[in-house]
Structure formats: structure tokens, C-alpha cells
Amino acid sequence: MPESTGDPPIIVTGGSVTVEFDPSQLQGGSGRHHHPNKKIKRIEVTGDGLNINHNVSDPKVTIKIYYGD
């Protein structure tokens, strides 16, 4: 799927759980939040024809959330 040319995506990565975004995208925060001892164990995405529901054996995953006005 091609990347959006609008706002940059919000990115969730595993290994340790990290949520990263440009600070101008959302109110508050520094743009990167993480907890080094927490690991992604399950991914669930539902809605508008989507139904992704998987346990994750290797927590090194990347989820990109594209959005715009």
C-alpha cells in the first residue's frame, strides 16, 4: 500500500514497546514514548472491513498508522 503524502504516520514498534510521532501531530508529549521492559504480544486491528487478530511470537514488529484531514 503506498504511503500517504499528508501527515507522517504514527509508528508503533516492538522489541520494547515504543510509540513514535512528530510532536506537532498530537497535543502534549515529546513525540516518543516507550517502556523498555514491555514487549508487544498481540496485534488486533478491527473496523471498516479489517479483522487482524494475531499473537506475536517475535515482538520486533512495526505498525504504521496513516491518517489525515
Practice problem: Check VAL19, VAL61 and return the single one that is modelled with pLDDT of 85 or more and among the hydrophobic types (A, V, I, L, M, F, W, C). | Solution: VAL61
Quiz item: Pairs, please: C-beta under 8 Å, at least 6 apart or cross-chain, first residue surrounded by 10 or more Cβ atoms within 10 Å (Cβ to Cβ) and in the range 40-55, second small (Gly, Ala, Ser)?
Solution: ILE40/GLY14
Exercise. Among residues belonging to the range 26-39 that are closer than 17 Å to GLY15 by Cβ and exposed (fewer than 10 other Cβ atoms within 10 Å of the Cβ), point out the one that is nearest to the chain's Cα centre (by Cα).
Key: PRO36
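The values are calculated or read from the model by the stated rules, or taken from the named source; none is laboratory data. The shown structure was predicted, so the numbers you read here are calculated from the model rather than taken from an experiment. Positions of Cβ are generated from backbone atoms using ideal geometry, with glycine treated the same way; all protein chains shown enter the neighbour counts.
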